[in-house]
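Below is one structure, written out as structure tokens; comments come after it.
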Amino acid sequence: MNEVLTIEQAEYSGGYTLVLLFSNGEKREFDFASLLDKGVCRKLRDIDYFKNFKIDGFSVDWNNEIGFAPEFLYENSAALGNQ
């Protein structure tokens, strides 16, 4: 049985990028820049809004308005070197 993938920690790392720690122990970097022209994600262009994310017990969340499935973030992020 596969475990449900969640995000346990996230930290801002510059620009529109977050370093994410997944429940499988992997630390990966996700750049949201390519999503800033899509629908509600336009709100993330405001860098102060972007930096004001929370971990909701499942994934990264912005003001209960914008969230992403952890699987999407995992599949579209870059693995970081030694953790």
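The values are calculated or read from the model by the stated rules, or taken from the named source; none is laboratory data. Small disclaimer: the values here were computed from a predicted structure and weren't measured. Here the Cβ is made from the backbone with ideal geometry for all residues, glycine too, and neighbour counts use every protein chain on show. Keep in mind that these areas ignore ligands, DNA and RNA; they rest on the heavy atoms of the full protein, side chains included. Shrake-Rupley method; radii C 1.70, N 1.55, O 1.52, S 1.80 Å.
Quick look at the numbers
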| read-out | value |
| --- | --- |
| Cα pair distances of the chain binned at 5 Å [whole percent] | 3, 15, 28, 28, 17, 7, 3, 0, 0 |
| Whole-Hz couplings from phi, Karplus 6.51/-1.76/1.60, listed for region 34-47; x for Gly and Pro | 6, 9, 5, 9, 10, x, 5, 5, 4, 4, 6, 4, 6, 4 |
| The chain - percent relative contact order, Cα under 8 Å, separation 6 or more | 29 percent |
| Highest-fluctuation residue, F58, F30, F72 considered, GNM on the chain with Cα pairs under 10 Å | F72 |
| Most fluctuating residue given options E11, E65, E29, as computed from a GNM of the chain linking Cα atoms under 10 Å | E65 |
| Backbone HN-Hα couplings from phi across region 73-78 [Karplus 6.51/-1.76/1.60, Hz, Gly and Pro as x] | 4, 5, 5, 10, 10, 9 |
| Solvent exposure of the chain as accessible area per residue, Å², 1.4 Å probe | 62 Å² |
| Cα lying deepest toward the dipole's positive end in region 1-55, options N24, I7, L44, charges on Cβ | L44 |
